[in-house]
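Everything on this sheet refers to the single structure shown next.
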Amino acid sequence: MTPTFMKTGFALAAFLLAASPALADPMQDTIHGPSLRDSAVIMSDVVRIGDLVDNAGAASQIAIYRAPDLGTTGMLRTAQLIETLRANQVIGVDTHNLKEIAITRASRPLPAKDVEQQVAKALAHRGGLGDAENLSLTFDRELRDIQLDPAITGDMIPVATYYDARSHRFDVLFDIASDASSTPAKLRFTGTAIETVQAAVLMRPMERSDVIKASDISIERRPKAEAGPDGMSLDRAIGMQMRHTMRAGQALRTSDLAKADLVTRDQGITLIYEAPGIYLTGRGKALEAGTKGDTVNVMNLQSKRTVQGIVVGPGQVAIIAAKPRVMRPTTLAVNATEAGKTE
């Protein structure tokens with residue numbers, strides 16, 4: 001083979017390799033330089049180069065920043081990151097023209113509402129308290145959503161529960177198991193707990209003898225000690241009459257109310273006399289007030305006599321008829337014997 005042919009062959013081979021990508025090194029297209037990510041989710045408390053830069057090689061595990069707080073997102077300027085990367089021998093990074101990178105710390109959110117429910121469940125039926133849904137809790141520190149490490153996946157388990165019925169103070173300690181460690185996370189909550197009940201509450205001031213209407217009251221949750229064991233329901237309170245003056249906002253008790261008077265003092269009324277086969281009515285005047293079923297004194301305006309009657313309806317009093325005297329059988333027998341002796 002002549003030198004001229006050899007030179008021509010090498011030139012042709014070089015041309016073919018350059019002109020045909022299929023004949024090039026197959027590893028050439030798979031090699032990429034380091035490039036920035038536009039965002040990152042961090043699982044630990046530190047940010048490593050590999051969290052922010054693809055293809056960072058051996059430098060991927062180098063920790064460069066402290067991670068944001070659990071459940072929060074921070075923004076990192078690209079210029080600041082490039083300087084840090086250069087200091088760690090990571091150069092030639094493709095920034096994709098990004099100005100900043102969003103870094104989010106992963107977490108397990110624990111809503112404040114769920115925490116309150118768990119504390120209530122732990123306190124239920126302790127020291128005289130009732131069901132969890134009837135407990136009103138006040139925490140010493142404002143209760144907010146809690147962010148836990150995502151590895152803490154267990155349930156809230158109460159391991160120590162204290163409640164003082166006199167002061168209403170509570171102290172509850174919870175354990176929450178972790179997947180990554182045998183040591184559980186601990187959460188402690190302190191504050192006060194009281195049992196509440198539904199109570200009928202006055203919406204406006206009420207005077208003695210006022211009759212309650214539906215618009216005068218509402219149903220609210222009040223401390224059980226305030227409502228008392230004889231708290232009134234909405235249905236029972238409507239139509240009842242106040243026994244004494246009360247302020248707006250006060251919870252009603254059974255002892256505060258009475259049946260509404262159907263007859264008032266000095267009111268003109270209808271007298272009713274009813275007996276087998278007889279039904280008579282007349283005019284009268286009430287000498288005292290009374291509700292249905294009460295016995296009151298009334299004046300018969302025709303005879304001017306005072307009689308007693310039973311309130312049977314609004315402005316209606318039924319006269320109490322004298323019961324006929326019934327002789328006992330033993331008395332009748334004695335009388336019959338004495339009559340025989342006389343004869």
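The values are calculated or read from the model by the stated rules, or taken from the named source; none is laboratory data. Predicted model only: the values in this text are computed from it and were never measured. All Cβ positions, even for glycine, are placed from backbone atoms using ideal geometry, and neighbour counts span all protein chains on display.
Descriptive notes on the structure:
- Within the stretch 169-180, the residues that satisfy the criterion of being buried (at least 18 other Cβ atoms within 10 Å of the Cβ) and out of contact with any Gly (no Cβ under 7 Å at 6 or more places or on another chain) are Val172, Phe174.
- Sole residue being assigned by TED's automatic domain parsing to the domain that holds Arg253 and either of a type in the set (Val, Ile, Thr) or over 30 Å from Met246 (Cα atoms) (or both), chosen from Val159, Val119, Val172, Val201: Val201
- Qualifying residue in the stretch 88-102 (condition: among the hydrophobic types (A, V, I, L, M, F, W, C) and either in a strand (DSSP E or B) or touching a Cys at 6+ places or on another chain (Cβ under 7 Å) (or both)): yes
- Residue match in the stretch 318-334 (condition: modelled with pLDDT of 90 or more, surrounded by 12 or more Cβ atoms within 10 Å (Cβ to Cβ) and closer than 15 Å to Val263 by Cβ): yes
- When restricted to residues that are part of a loop (DSSP other than H, G, I, E, B) and in contact with a helix residue (DSSP H, G or I) (Cβ under 9 Å, 6 or more places away or on another chain), the stretch 144-156 contains 4.
- Restricting attention to the stretch 261-281, the residues that are assigned to a loop (DSSP other than H, G, I, E, B) and either surrounded by 12 or more Cβ atoms within 10 Å (Cβ to Cβ) or charged (D, E, K, R) (or both) add up to 6.
- Among (1) within 30 Å of Val119 (Cβ to Cβ); (2) of a type in the set (Gly, Ala, Ser); (3) in a strand (DSSP E or B), the one test that Ala258 misses: (1)
- Filter result for Gln147 (out of contact with any Asp or Glu (no Cβ under 6 Å at 6 or more places or on another chain) and surrounded by 13 or more Cβ atoms within 10 Å (Cβ to Cβ)): yes
- Residue in the stretch 197-231 that is surrounded by the fewest Cβ atoms within 10 Å (Cβ to Cβ), counting only those that are within 26 Å of the chain's Cα centre (by Cα) and polar (S, T, N, Q): Ser215
- Any pair with Cβ under 9 angstrom, 6 or more apart, that starts in the stretch 269-287 at a residue that is on the phi < 0 side of the Ramachandran plot and ends at one that is of a type in the set (Lys, Arg): Ile269/Arg283; Ile269/Lys285; Thr270/Arg283; Leu271/Arg283; Ala286/Arg265; Leu287/Arg265
- Residue match in the stretch 165-177 (condition: modelled with pLDDT of 95 or more, over 22 Å from the mean Cα position of the chain (by Cα) and among the hydroxyl-bearing types (Ser, Thr, Tyr)): yes
- Matching residues, the stretch 129-140, being assigned to a loop (DSSP other than H, G, I, E, B) and either in contact with a helix residue (DSSP H, G or I) (Cβ under 7 Å, 6 or more places away or on another chain) or without any contact (Cβ under 8 Å) to a residue 40 or more places away in the chain (or both): Leu129, Asp131
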